[in-house]
Structures are given as C-alpha cells and as structure tokens.
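Colleague: Quick one: the structure is below, and I'll ask about it shortly.
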Amino acid sequence: MSGTEGNWYFDFPNQNGVHYIYTVAPAIRVGQTITMHFAVTGKGNFVPTEGTATARVRLFLQQRGDTLTAQESYKRWWSVAYVELHEGEFTLTASLSPDQ
C-alpha cells in the first residue's frame, strides 16, 4: 500500500493475489463502530476466493501475533456486513460485537 495516513491506496495486480489488505489499528473495544470508505476505480475482473458468491470486501480484525495458522477462531473477526466489489465508491460500517 502507498499513501499517507487516512489516504491509502494500492493497484490491483494483473493476476490473482489480493486477499487481505491490512494496517495496524488503534486501540479498539467491543461495541465500537468501525467505518471504512474506499473506491474502486477502473474496471476489473473480481473473483471470489471460495464458492459462487460475488467477490466481496469485509472488515477484518486479527489479534496481534496471529499467523492465520491457528485453529482458534477467536483470534479473528470478520464483519457480517460486506460490499460487493465493482467500480464505484463505498462505505462499509460495522459494530464490533460478536453478532456483527
């Protein structure tokens, strides 16, 4: 990723390869709301990573030090809310709670 705080961007590669985009988050707490604003400019072929659903973006939190190899899912949280990927501007908001 390139850019400055609050104004990050990246270019999608011409081949499969972008599954997670991440940055260190400030201190967070249960019940807090997180909002992400982003835009997709230009046309592309967005492919889902599994199943037949459309390619989507979800908010994702990961416990520091987790390598994504542990079986304990409590080290990770994905939002229920999502945005389907296509050209346009988007806002994705989720409350940090177990049901969201």
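Colleague: Relative contact order of the chain: what whole-number percent is it, with Cα pairs under 8 angstrom and at least 6 residues apart? Don't jump to the answer; show the numbers that get you there.
Modeller: Details: 115 pairs, mean separation 32.7, N = 100.
Taking the mean separation of contacting Cα pairs over the length of the chain, I get 33 percent.
Colleague: Further, regarding this structure: With θ set to phi - 60° and the Karplus curve 6.51 cos²θ - 1.76 cosθ + 1.60, what are the ³J(HN,Hα) couplings of the range 75-89 in order, to the nearest whole Hz, using x for Gly and Pro?
Modeller: 8, 9, 9, 10, 6, 6, 5, 8, 10, 6, 7, 6, 5, x, 10
Colleague: Using amide H atoms built in the peptide plane, which far-off residues or other-chain residues are under 5 Å from LEU85 H to H?
Modeller: ALA55, ARG56, VAL57
Colleague: Taking the Cα centre of the chain as origin, sum charge times position over the Cβ atoms of Lys and Arg (+1) and Asp and Glu (-1), and report the length of that vector in debye to the nearest 20. Each step should come with its number before you reach the end.
Modeller: Working: 7 positive and 9 negative charges, 42 e Å.
So the dipole magnitude of the chain works out to roughly 200 debye.
Colleague: Looking at the chain as a GNM with Cα springs under 10 Å, which of TYR20, TYR82, TYR74 has the largest mean-square fluctuation?
Modeller: Fluctuation is largest for TYR74.
Colleague: Calculate, axis by axis, the spread of Cα positions in the chain along the three principal axes, and write the results as whole Å, longest axis first.
Modeller: That works out to 36, 31, 24 Å along the principal axes.
Values quoted throughout were computed directly from the atomic coordinates according to the rules given, and no laboratory measurement underlies them. This structure is a prediction, so every number in the text was calculated from the model and none was measured. So basically every Cβ, Gly included, is an ideal-geometry build from the backbone, and we count neighbours across all protein chains shown.
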